[in-house]
Amino acid sequence: MKKIDIKGVIINNDHKWIYDELRMQSACPNDVISELEAANGGDIEISINSSGGSVFAGYEIYNAIAEYKGKVVIKIVGLAASAASFISQAPNAEVYMSPLSQMMIHNAATVAEGNHNAMEDASKMLNVTDTTIAKAYMLKSGQPESK
């Protein structure tokens, strides 16, 4: 079984070199996609210990895992927070949490600056993001969005 780590901050592909240069743990979509391609449909085990990060990088990682044709086991071995929490909800995965692990789910957040139009746009974007992320939890749990 091929093992794939999603550890450290979830970042965009373009930022990966910075984290590598600073020797900081990180995961970007290209990392995960490369590992999935190398697994070539075989069984995989994904180990997650991440405080989250970029929601859009998280979307890409979630979708890559969800489309993988082989058996997927996800183990949360420390923290699956924010974007890492919804990545762990890939519908085709068996998910296991250590009794000494945590999952943190929250509404999307951003930093915005500008006039009332910019604030309204930021608010709309956050609402769309919350709804999009909730779909992952709903698909995995079978529960309605209200739960």
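So, in the range 88-147, how many residues would count as being over 14 Å from the mean Cα position of the chain (by Cα), hydrophobic (A, V, I, L, M, F, W, C) and either part of a helix (DSSP H, G or I) or more than 27 Å from Gly70 (Cβ to Cβ) (or both)?
Adding up the residues that qualify gives 12.
Among the residues of the range 100-111, is there at least one that is open to solvent by 30 Å² or more (accessible area, probe 1.4 Å), among the hydroxyl-bearing types (Ser, Thr, Tyr) and free of Cβ contacts under 8 Å to residues at least 60 places away in the same chain?
Looking for residues that are open to solvent by 30 Å² or more (accessible area, probe 1.4 Å), among the hydroxyl-bearing types (Ser, Thr, Tyr) and free of Cβ contacts under 8 Å to residues at least 60 places away in the same chain, one finds at least one in the range 100-111, hence yes.
Name the one entry in Gly41, Gly52 that is assigned to a loop (DSSP other than H, G, I, E, B) and either in contact (Cβ under 8 Å) with a residue 40 or more places away in the chain or not acidic (Asp, Glu) (or both).
Working: Gly52 fails: assigned to a loop (DSSP other than H, G, I, E, B).
Gly41 is the lone residue from the list that is assigned to a loop (DSSP other than H, G, I, E, B) and either in contact (Cβ under 8 Å) with a residue 40 or more places away in the chain or not acidic (Asp, Glu) (or both).
Condition check: small (Gly, Ala, Ser) and more than 19 Å from Val9 (Cβ to Cβ). Does Ser51 satisfy that?
Numbers: small (Gly, Ala, Ser): yes; more than 19 Å from Val9 (Cβ to Cβ): no.
It is false that Ser51 is small (Gly, Ala, Ser) and more than 19 Å from Val9 (Cβ to Cβ).
So which of Ile46, Ile4 is in contact with an Asp or Glu (Cβ under 7 Å, 6 or more places away or on another chain) and not charged (D, E, K, R)?
Ile4
For the subset of the range 33-59 comprising residues that are closer than 22 Å to Ser101 by Cα and among the polar types (S, T, N, Q), which member is least open to solvent (accessible area, probe 1.4 Å)?
Ser50
Out of the residues in the range 1-32 that are of a type in the set (Val, Ile, Thr) and more than 13 Å from the chain's Cα centre (by Cα), state the one that is most open to solvent (accessible area, probe 1.4 Å).
So, considering only residues that are of a type in the set (Val, Ile, Thr) and more than 13 Å from the chain's Cα centre (by Cα), the one most open to solvent (accessible area, probe 1.4 Å) is Ile18.
The values are calculated or read from the model by the stated rules, or taken from the named source; none is laboratory data. All values derive from a computational prediction rather than experimental measurement. Backbone-built Cβ (ideal geometry, glycine too); neighbour counts: all protein chains shown. When the accessible area is computed, the model is the full protein with side chains, heavy atoms only, and any ligands, DNA or RNA have been set aside. Shrake-Rupley method; radii C 1.70, N 1.55, O 1.52, S 1.80 Å.
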